[in-house]
Every structure is written in structure tokens, then in C-alpha cells.
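Scroll down for the structure; my scribbles are underneath it.
The values are calculated or read from the model by the stated rules, or taken from the named source; none is laboratory data. A quick note: this is a predicted structure, and the numbers were derived from the prediction, not measured. We place every Cβ from the backbone using ideal geometry, glycine too, and count neighbours over all the protein chains shown. Ligands, DNA and RNA are excluded from the accessible area calculation, which covers all protein heavy atoms including side chains. Shrake-Rupley method; radii C 1.70, N 1.55, O 1.52, S 1.80 Å.
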Amino acid sequence: MLVYKFGGTSVGSVINMNHVKDIISKPGKKFVVLSAMSGTTNTLVEISENLFKGETEVAERSITQLRDHYFSVAQDLYKSEDSVASAKAYIDYHVTNLFELTQKAYSEIIHNQIVAKGELLSTFLFTNLLLEEGFKAHCIPALEFMRTTANHEPDNFYIKQNLNRLMDALPETDIFITQGFICLNAQGHTSNLNRGGSDYTATIIGAALNAEEVQIWTDIDGFHNNDPRFVNNTKALSHLSYDEAAELAYFGAKVLHPQTVLPVRDLDIPLRLKNTMAPEAHGTLITNEIHGEGIKAIAAKDGITAIKIKSVRMLLAHGFLKKVFEVFERYETSIDMITTSEIAVSVTIDNNTHLDAICSDLREFATVDVDDYMSIVCLVGHQIIYHADTPQLFQILQDVNVRMISYGGSNNNISLLVNTSDKLETLQKLQRYIFESQPALSAFHLN
Ligand code: ADP
Ligand code: ASP
Ligand code: MG
């Protein structure tokens, strides 16, 4: 069984939905995970934010625009008037529900119900396109099998049991379709796997079905060696290892949701990135195998806060780090980067929810300085810290204002902490330095 995931742009128009149909039309049973049409989840988040602010009329106007947009998609997508009518009835059902939600007291549950609508709409529209064209397709609702635990981890046992039960009841089906992103939480309420979560849905399903391969189809020809939104001349990588891809995704490469790699890495299921708009391009194959040495790719993660914690005693007394970590543990806040000196330790966090409480607890035994609007720029490649040319990289420090460096925490990762305002320049300089003027530093197997 192959698991396919198509992202927002891939299902973002009638033309692209037809490309997707062509890609999955080869014989054989398959599982297809879809995101919302591009722009829809953003619109739904805005609707929810407007309700939170009490701007009900603004939210209602957006709901009406959303309905008009989906009506016109339905009109263009199908050949038969019956299909158009049934799609419009489905859209109306969800639009009516959205209007009902605007009248209720705002809560996280309401927010999650609003943002779930995009995937419900895209999967309905696409399943009916396949049915109209004679495919044996069936949409299995994600909310009937995708569930997370109290720790916000996928409930793998529950998912596997229910997914198999639902699929076994449909022996005639060739193409199973489901919604990415959405799930039930441990309390049984509609929830989600965070923005970009459809990638994660696909690998969770891939693991549950022990799939032959999971393919993430998107709007770019694979995993690039730098962020193409900020840097010119980036190139697709033909291969990455699970560990390299996991580090890059965790440190901000938007092309994969941060947790995507984990379910398939454990089972050694290949993960392939492909371009819906250019299916013939090689894309990127992510497996256990190592291809190439040196720095393979650069990614950046924003929204980082650095906290410098200085011991009030002259020297770092033993037990100091333990006390520091206990504070972060108490507030369930994980640390990304850490550097130490004789009297101080600096850490970074990407979740500020408990920042004030953390700082106040730390101040009981240390002085604390906080810098926000920071970004982690992360360089990744197999065993890069041992690569003979890597030290040359530090020449870049002459040009870039770096607040912290983490070297050697993992053999595959060097991280630099910079002000977010310097991120663009840092990414561009690193691109030129590593991939253009110092080819010895970069991995040799770029496409
Ligand atoms: P989808 O809706 O298909 O999930 P996303 O927008 O989430 O698509 O991810 C694809 C986008 O990720 C690309 O269009 C590109 O702008 C961005 N991106 C950021 N870093 C990378 C990278 N290293 N390689 C490829 N794309 C990247
Ligand atoms: N539609 C969701 C989002 O925009 C999930 C996804 O696209 O993967 O975040
Ligand atoms: Mg995505």
C-alpha cells in the first residue's frame, strides 16, 4: 500500500485537483491524505480570531466569501449537475454550521471546529470527483480513527485498530481518502496536529498500515538545500537520511511538518517528496541511507527566545544546571539550544507560554536576561562536525552577528542563534559561502 499526501496548492484549484487525480490513477490500492485547499485554513484561522475579538460581522463576511469561493469550485469541478448540487449541499451544511459557531461563546473547542472545515471540504470535493469518473474511492473520516493521547502524541494503538476496522469494511475500495491535519484529542473533541499537520497525518497512517512508501506531494520539486522563500538558487536534494530530514523539519524547513519523519523512521518506511506540478522530477527520497558528506542543507526557525541565566555565585556551583532544568521541566517547556560558560548558561525556547513564570522561578537563584525575536539557523549534514572543511565555516562569524553557537550536540547539526532581523542575510551569506564559493563544504550529491 502506498500512502500519498497532497498539500494545499496541490488541491488548491480545479486544475490541480485534476493533476492529483491523474497522479493517483495508476492501478493498485492506495491511501490518499488531503490538506485543505490553499488559503482556506488561513481564512478559517482569521474567522476564529475575529470571533475571539468580538468582530462577528467581519467573521460572517469571510464565511460568505468562503461559501461563494467553494460554490464556484464545485461548479467548475464536476461534469454532472447532480454532483454540483450535492457538493453545494455539503458546502451549505458546513457554512450553516460556521454561522452557528459564530453565535456560541468562543472557546478552544470552537476554534478547532472552525479550522477543521478546510480538510472536510477538500476531501468531500475530491472524493466526489473520483466517484464521478468511475474510481472505486471512499472517504474515511479522520475523526473516526485519528486520535491523540493526553500527551498530544498520536494514539497509535487506537489509530491502527480503527483504521484497519474501517478499511476492512470496504473490501471493494481502491482509493481510500482522508483528511490530513484533523484529529480527536484525548477528551474526544475535534482537534488538530498543528499547522502543516497533514504531512504528519500521512506518516502516522503510513506507519499504521506498514505502507511500502509515504509520498508527500507539494508545490516544489523536493527538499531544497536552503529556504527558497528567502534565498535564490536553492537546489533540490535527491536524498536525505531520516535524521537529516528530521533535524531540518524540526528547525523550520516548512516543506515538512516538524514531526513528519518520526513515525516512518522507526519502521524504515521510505518517505518521498514530489512535486504535483512536475511529477517527472526526481524529488527527494528520505531513508536510512546516508548519501554524501558535508553540509547538505540549511533551515531557520523563528519565534525563538534566548534566556541567559547567570549564577549569583562566582563559579557555576555543581547542582546549578539541575536547578535550571528543573524550572523548565516544571513548566513543560523544552529547550532547543544550550551553551555554557563559567558563570552562565544560555538556553533557547520556542514556546513563551510560561516565560514569565520561568524567569521568576530562575530569579530565585540567578540573574536572568531575556532576548526575544531570535531565530535559529541550523546547518545539517551527516557527521558534519567531523568533516575536515567544516571549521572554515566559522569564517562566517566575521560577517554575521551570532548570539549563540551549538556545535557537537549532534554530529549532524550546527546551530547558530541570530536576531530574526539578521536571519535573511545569514541564510543568504551561508548559501553563497557553502554552496557557491566553498563547494568542499557542501554535500556532493545535489541534483
Ligand atoms: P503544502 O501545502 O504542500 O504542505 P507547504 O507550503 O507546507 O506546502 O510546503 C512547501 C513550501 O515549503 C515550499 O513551497 C517552500 O516555499 C517552503 N520551503 C521552506 N523550506 C524549504 C526547503 N528546504 N525545501 C523545499 N521547500 C521549502
Ligand atoms: N490545512 C492545514 C494548514 O494549513 C494543514 C496542512 O496544510 O498540512 O496548516
Ligand atoms: Mg505543508
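In the chain, the longest principal axis of the Cα atoms and the axis of helix 117-132 are about 50 degrees apart. Straight-line reach from Lys310: taking Cα to Cα under 15 Å and skipping same-chain neighbours fewer than 8 places apart, the aspartates and glutamates in range are Glu342, Asp361, Glu364, Asp369, Asp371.
Glu133 to Arg330: extension gain in nm, 0.36 nm per residue of separation minus the Cα-Cα distance?
So the chain would gain 65.4 nm between Glu133 and Arg330.
Compared with the alpha-carbon gap, the fully stretched path from Val58 to Ser72 is longer by 2.9 nm at 0.36 nm per residue. The overall shape of region 230-294 is rounded: from the C-alpha gyration tensor, with semi-axes ordered a ≥ b ≥ c, the ratio a/c is less than 1.5. Among the protein heavy atoms of the chain, carbon and sulfur supply 49% of the accessible surface, probe 1.4 Å, non-protein parts ignored.
Take the Cα of Lys88, step 7 Å toward its Cβ, do the same at Asp372, and the gap between the two points is 4.8 nm. The residues of the chain present an accessible area of 45 Å² per residue when probed at 1.4 Å with all protein chains retained. Computed on the Cα trace of region 119-174, the radius of gyration divided by the Kirkwood hydrodynamic radius gives Rg/Rh = 1.06. Once the Cβ-Cβ distance of Asn210 and Thr149 is raised to the sixth power relative to R0 = 25 Å, the FRET efficiency obtained is 0.75. Label separation (Asn97 vs Asn411): 5.0 nm, computed from points 7 Å beyond Cα along the C-beta direction. Each residue of region 353-361 is assigned a 3J(HN,Hα), and the resulting list reads 3, 10, 4, 4, 5, 4, 5, 5, 5 Hz, derived from the Karplus form 6.51 cos²θ - 1.76 cosθ + 1.60 (θ = phi - 60°), x at Gly and Pro. Close amide H pairs (under 5 Å, H built 1.01 Å from N) link Lys5 with Val33, Gln215, Ile216, Trp217, residues at least 5 positions away or on another chain. Extension gain for Glu81 to Val45 (0.36 nm times residue separation, less C-alpha to C-alpha distance): 9.8 nm. Of the beta bridges in the chain, as assigned by DSSP with both residues counted there, near 60 percent are antiparallel. Largest accessible area first, the listed residues Tyr386, Tyr407 line up as Tyr386, Tyr407 when surface is computed with a 1.4 Å probe on the assembled protein chains. Taking the radius of gyration and the Kirkwood hydrodynamic radius from Cα positions alone, what is the Rg/Rh ratio for the chain, to two decimal places? Rg/Rh: 1.00. Here the contact order of the chain, divided by its residue count and restricted to Cα pairs under 8 Å and six or more residues apart, works out to 14 percent. Of all aspartates and glutamates in the structure, the ones whose alpha carbon falls short of 13 Å from that of Lys5, not counting any fewer than 8 places away in one chain, are Glu119, Asp199, Glu213, Asp219. Greater than 31 Å separation of Cα atoms is the criterion. Which listed pairs, Lys88/Lys160; Lys160/Lys235; Lys301/Lys323; Lys29/Lys296; Lys104/Lys301; Lys235/Lys308, meet it? Checking Cα-Cα distances, Lys88/Lys160; Lys160/Lys235; Lys29/Lys296; Lys104/Lys301; Lys235/Lys308 exceed 31 Å. Computed packing ranks the peptides 390-401, 292-303, 358-369 as 292-303, 358-369, 390-401, most packed first, by mean other Cβ atoms within 10 Å.
Would you calculate the separation in nanometres between label points at Ile109 and Glu342, each defined as 7 Å from the Cα along the Cα-to-beta-carbon direction? Going by the 7 Å Cα→Cβ label model, 5.8 nm. Per-residue 3J(HN,Hα) values for region 148-162, derived from phi via the Karplus relation 6.51 cos²θ - 1.76 cosθ + 1.60 with θ = phi - 60°, read 10, 8, 4, 8, 6, 9, x, 8, 4, 5, 4, 5, 4, 4, 6 Hz in sequence order (x marks Gly and Pro). For Gln428 and Gln161, FRET efficiency with R0 = 41 Å and r from the beta-carbon atoms, rounded to 0.05? Step by step, r from the Cβ atoms, then E = 0.25.
Counting every Cα pair in region 310-439, what percent are over 27 Å apart? The calculated P(r) of region 310-439 puts 29 percent of pairs beyond 27 Å.
Derived scalar couplings between HN and Hα for region 182-198 equal 8, 7, 9, 8, 4, 8, x, 8, 4, 8, 7, 9, 6, 4, x, x, 5 Hz in order, rounded to whole Hz, by the Karplus curve 6.51 cos²θ - 1.76 cosθ + 1.60 (θ = phi - 60°), x for Gly and Pro. Here the scattering of region 84-165 is modelled by Debye summation over its C-alpha atoms, one equal scatterer each and no solvent; at q = 0.13, 0.16, 0.25 Å⁻¹ the log10 of I(q)/I(0) is -0.58, -0.83, -1.16. Gap in Å between the Cα centre of region 126-187 and the Cα centre of region 64-78? Computed from Cα coordinates, the inter-centre distance equals 25 Å.
Each residue was assigned an accessible area with a 1.4 Å probe, and for Ser86 the value is about 50 Å².
In the chain, a dipole from Cβ-located charges (positive for Lys and Arg, negative for Asp and Glu) runs towards its positive end, and of Met167, Ile396, Asn232 it is Ile396 whose Cα lies farthest in that direction. The alpha-carbon positions of region 161-255 define a convex hull whose volume is 143 Å³ per residue.
Between the C-alpha center of region 250-328 and that of region 2-23 there is a gap of 28 Å.
Taking every protein chain into account, the 1.4 Å probe leaves Leu143 with about 50 Å² of accessible area, to the nearest ten.
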